[in-house]
Amino acid sequence: MRLLVIDDEEDICETIAEIAEARGFEVATTSSPTSVADKLDEFKPDVIMLDLMMPGTDGVELLRVLVDRVKNAKICLMSGSDTRVLNSARRLGSAHGLDVIAALEKPIEIESLRATLDQLAAGNNKSVVGADIAQALALGQLILYYQPVIELATRRVKGAEALIRWAHPTRGILPPSEFLDEIVKEGLMPPMTEHVLTTAIHQVAKWHHAGENLTVSVNVTASSLLELSLPDRIAEMCAQHQIPPEKLVLEVTETEAMRDVTRTMDVLLRMRIRNIGVSIDDFGTGHSSLRELQRMPFSEMKIDKSYVMDMVNNRDCTVIVNSVIDLGHNLGLKVIAEGVEDVRTWRMLAERNCDFAQGFYMAKPMPPEEFNRWLTSWRETSAS
């Protein structure tokens, strides 16, 4: 894997290069802003570490250079500025379509640098080819993992979010970041969505008939929301499996829900009339107006994990999370916080009366059999 380090301090370049090379990276460095474009074209890096405070330029200009020349590289931003500037730069890079997966404050701690390099390496697996993913769908290799959603006040398990995985025959379990782009490119999103819905409804039916009062949440795309037949198809699936429609929750991102407000409202309203839950996912990352949010018939709101994960150490994120909780409750919505990764975050959310939490602190996404074992263990632990 090729790592390009862009930093005006040569000793920092050397330190990063030494640690990265020990982890198997091929490393190139540059301390000159004017040479960045040529270096990108010449070296073609897989991962980039970029200092936002370069002499004679600034991080925003360098981000624009990356946008023009970088397609699939993973990016880590570095800066001696305050956390707020660094987080804003991270979001700007993501808004430009760059894959910004980390941001480090200077002076950089060696352990943080090592962990970030490991993260960059782990996220750098090359995408699969279209023929492979089409075959995977046909062979049933696309499976669902389930991550619990837990009520903060009672520790009761509300249900789970269904998350797609590829059980690859040689590479093991792959996350959606490894193959969703190929799904879209090959025009396989409609059959994949149908497969996910069918599998999730089948699983929640198993739980229901075993006496478990659990819901299952499924992510749907903008194209699915424009299908006027979707509410009837889902209602029929629920009837076939003899489960109440309220056991199913459809999650749609804020951005996708607002692409065609009138048609989306048509589909979502018919979902709600059929008692199917509708959740606005990743709230805080889109650009909806409060009027549009008020008009949509959502039953739940999920706070984007980028805010939740940083709320312990970032006052701005804490303020945003608290405001979203109040907004959701004032609109009559249940609020779910994603990305809960430690007990301090759990307690802060509980103090703010957030309704539900989801994250690695409680459980990672699991296959159904492991989820069932975890559920038994969680209940025993909670009872004691």
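Computed quantities for the displayed model
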{"item": "Centre separation in Å (Cα based) which lies between the range 357-376 and the range 8-54", "result": "39"}
{"item": "³J(HN,Hα) computed for each position of the range 207-213 - Karplus, 6.51 cos²θ - 1.76 cosθ + 1.60, integer Hz, glycine/proline x", "result": "4, 4, 6, 8, x, 8, 8"}
{"item": "Prolate/oblate/rounded call for the range 266-381, Cα gyration tensor, a/c under 1.5 rounded", "result": "oblate"}
{"item": "Residue order, fewest to most beta carbons within 10 Å, for Glu61, Glu186", "result": "Glu61, Glu186"}
{"item": "Cβ-defined net charge surrounding Arg379, 12 Å radius [Lys, Arg +1; Asp, Glu -1]", "result": "+1"}
{"item": "The chain: calculated mean residue ellipticity at 222 nm from DSSP helix runs of at least 4, using -39500 (n - 2.57)", "result": "-13500 deg cm²/dmol"}
{"item": "Sequence of Val218, Val184, Val149, Val85 once ranked by neighbouring C-beta atoms within 10 Å, starting from the fewest", "result": "Val184, Val85, Val218, Val149"}
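Laboratory data are not the source of any read-out in this text; all were calculated from the coordinates shown. Note that the structure is a prediction, hence the values are computed from the model and not measured. Don't worry about glycine lacking a Cβ; one is built from the backbone with ideal geometry, like all the others, and counts go over all protein chains shown.
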